[in-house]
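The values are calculated or read from the model by the stated rules, or taken from the named source; none is laboratory data. Since the model is a prediction, treat every value here as computed from it, not as a measurement. Neighbour counts are summed over all protein chains in view; Cβ atoms, including those assigned to glycine, are modelled from backbone coordinates with ideal geometry. For accessibility, only protein heavy atoms count, side chains too; no ligands or nucleic acids. Shrake-Rupley method; radii C 1.70, N 1.55, O 1.52, S 1.80 Å.
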Amino acid sequence: MNKTVLPPSTIGIIGGGQLGRMMAIAARQMGYGIAVLEPSVNSPLGQIADLEWHAAYDDKKALVELLEQSDVVTYEFENVPYATVRELASFGNLPQGAMPLIVTSHRLREKLAIEEAGYQVAPFLAVMSQDELKYAIKKIGYPCILKTASGGYDGKGQWVLRSDADLPDVLAIIDANEYILEGFVNFTKEVSVIVTRSITGEIEVFPVTENEHVNQILHVSLAPAQIDASLRQEAETIAQGLIEKLDFVGTLAIEMFVTKEGIVINELAPRPHNSGHWTIDGCTVSQFEQHVRAICGLPLVKPQVRGYAVMVNLLGQHVDEALTAWQQPEFQDAKLHLYGKDEMKRNRKVGHLNFIGDDWHKLKVKVDRFLARLPE
Ligand code: AMP
């Protein structure tokens, strides 16, 4: 499929979370209609969609109806059940195809694909039993991280092993699932690059973003990343090369570790990414608009930062204080994005704030003053 899909056509989205919501906001601004398949009621995207199916992702009847009602279909998360992926791929209006989902929903497949494309990842071994874990630790050494091969997010499904003392607890976790054991990367910074490839083959790379995590959950993203220009160039070149070699269409977010020896790729996501939320207010095009352009065959926009941008993630426990601070003169020009979540759950992402400015130092001071007000 290689046709331009113009507004007011309908874009179908699998998944009703905040990424789908922000994709839909960008698409609606351009005049597209939105259809969504999402099991839960009153989801962040369901609240603003034109058409909605409340059904499991592998409910064939609902899925086929969504596909029939949509001119083009995309997804907002990678753990789409395999039966759904097959149905999507065979229907013919999923320009991204099934490969980005098949590769990135499984850590082992993902790492092998990155290596095959010629890029560096942390040392890793597949683990499917207690014996294989012991063998992998012998080969890789401490410290290392055991990760579930599929389904983990925000540090869930991950266990750090620093010495033999940690082994009994982690051995007890091993069940019939697949895991990988990864060597610990001694990084100086974590960065990410979002790259978009259109159905026409056009590629645009967003400026490198620097990411700070707290408890393995993204806390703050800064753009452009404050790293050497040569490293920035290297990261952007990797992004462009990787999406081409993987032959993906749509958005690819690439999480990377910066080390003294160069860049190591941590993880891929075949969709807009939390570390790109600053682009909504701080860039010539947002990652969401660019994604819509890519799957609809519209020309891509060259992404350029407007000065400097910092995104602060809001978790459930942050919202009350963030809303109070945001009304103060010092912070009222920060752009607030709340996702319409039903509950403000602790350690769950419920929104973010974008701070944009021309003076890096002043912006950092302001963001630090804001962060100091948020509870842990
Ligand atoms: P992931 O879910 O793989 O993105 O991991 C979440 C976070 O855990 C990363 O952003 C890193 O801060 C940390 N992490 C994951 N894998 C490694 C690794 N191999 N070495 C060091 N830190 C890691």
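Evaluated against (1) within 18 Å of residue 197 (Cβ to Cβ); (2) touching a helix residue (DSSP H, G or I) at 6+ places or on another chain (Cβ under 8 Å), residue 244 falls short on exactly one condition, (2).
So how many residues does the stretch 51-68 have that are touching a residue at least 40 places away in the same chain (Cβ under 8 Å) and loosely packed, with under 15 Cβ neighbours inside 10 Å? The number of residues fulfilling the criteria is 0. The set of residues in the stretch 185-199 being within 16 Å of the ligand (Cβ to nearest atom), of a type outside the set (D, E, K, R) and within 22 Å of the chain's Cα centre (by Cα) consists of 185, 187, 188, 191, 192, 193, 194. Which numbered condition in (1) under 21 Å from residue 280 (Cβ atoms); (2) in contact with a strand residue (DSSP E or B) (Cβ under 6 Å, 6 or more places away or on another chain) is the only one that residue 217 fails? Result: residue 217 fails condition (2) only.
If you check 182, 210, 202, 178 for being away from the ligand (no atom under 16 Å from the Cβ), among the charged types (D, E, K, R) and in contact with a strand residue (DSSP E or B) (Cβ under 9 Å, 6 or more places away or on another chain), only one passes: 202.
Do we have any residue at all in the stretch 260-269 that's more than 16 Å from the ligand (Cβ to nearest atom), modelled with pLDDT of 95 or more and within 29 Å of residue 336 (Cβ to Cβ)? For the stretch 260-269, residues more than 16 Å from the ligand (Cβ to nearest atom), modelled with pLDDT of 95 or more and within 29 Å of residue 336 (Cβ to Cβ): absent. When you go through (1) in contact with a helix residue (DSSP H, G or I) (Cβ under 6 Å, 6 or more places away or on another chain); (2) more than 10 Å from the ligand (Cβ to nearest atom) one by one for residue 172, which number turns out not to apply? Against the list (1) in contact with a helix residue (DSSP H, G or I) (Cβ under 6 Å, 6 or more places away or on another chain); (2) more than 10 Å from the ligand (Cβ to nearest atom), residue 172 comes up short only on (1).
Does the stretch 225-249 hold any residues that are aliphatic (A, V, I, L, M) and assigned to a helix (DSSP H, G or I), and which are they?
Kept after step one, since they are aliphatic (A, V, I, L, M), are these residues of the stretch 225-249: 225, 227, 229, 231, 235, 238-239, 242-243, 246, 249.
Of everything in the stretch 225-249, those that are aliphatic (A, V, I, L, M) and assigned to a helix (DSSP H, G or I) turn out to be 229, 231, 235, 238, 239, 242, 243, 246.
Take residue 218 and tell me if it is open to solvent by 10 Å² or more (accessible area, probe 1.4 Å), among the hydrophobic types (A, V, I, L, M, F, W, C), in contact (Cβ under 8 Å) with a residue 12 or more places away in the chain and within 16 Å of the ligand (Cβ to nearest atom).
yes
Only a single criterion out of (1) of a type in the set (Val, Ile, Thr); (2) within 17 Å of the chain's Cα centre (by Cα); (3) open to solvent by 10 Å² or more (accessible area, probe 1.4 Å) is not satisfied by residue 305, namely (2). Residues in the stretch 322-338 that are polar (S, T, N, Q) and open to solvent by less than 80 Å² (accessible area, probe 1.4 Å): 324, 328. Taken together, the residues in the stretch 331-358 that are touching a residue at least 40 places away in the same chain (Cβ under 8 Å) and either in a loop (DSSP other than H, G, I, E, B) or among the aliphatic types (A, V, I, L, M) (or both) amount to 8. Are any of the residues in the stretch 134-152 away from the ligand (no atom under 15 Å from the Cβ) and either in contact (Cβ under 8 Å) with a residue 60 or more places away in the chain or in a loop (DSSP other than H, G, I, E, B) (or both)? No; the residues of the stretch 134-152 include none that is away from the ligand (no atom under 15 Å from the Cβ) and either in contact (Cβ under 8 Å) with a residue 60 or more places away in the chain or in a loop (DSSP other than H, G, I, E, B) (or both). Filtered by the rule that a residue be of a type in the set (D, E, K, R) and farther than 15 Å from residue 309 by Cα, the stretch 325-363 gives 330, 341, 342, 343, 345, 346, 348, 349. Looking across the stretch 112-152 at every residue that is closer than 20 Å to residue 177 by Cβ and of a type in the set (Ser, Thr, Tyr), the one that is most open to solvent (accessible area, probe 1.4 Å) is identified as 135.
Applying the condition of being among the hydroxyl-bearing types (Ser, Thr, Tyr) and more than 15 Å from the ligand (Cβ to nearest atom) to the stretch 221-245 and asking which residue is surrounded by the fewest Cβ atoms within 10 Å (Cβ to Cβ) yields 230.
Every residue, every condition in (1) closer than 20 Å to residue 229 by Cα; (2) free of Cβ contacts under 8 Å to residues at least 24 places away in the same chain; (3) part of a loop (DSSP other than H, G, I, E, B); (4) open to solvent by 20 Å² or more (accessible area, probe 1.4 Å), yes or no:
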| residue | (1), (2), (3), (4) |
| --- | --- |
| 254 | yes, no, no, no |
| 258 | yes, no, no, no |
| 263 | yes, no, no, no |
| 266 | no, no, no, no |
| 272 | no, no, yes, no |
| 280 | no, no, no, yes |
| 289 | no, no, no, yes |
| 292 | no, no, no, no |
| 299 | no, no, yes, yes |
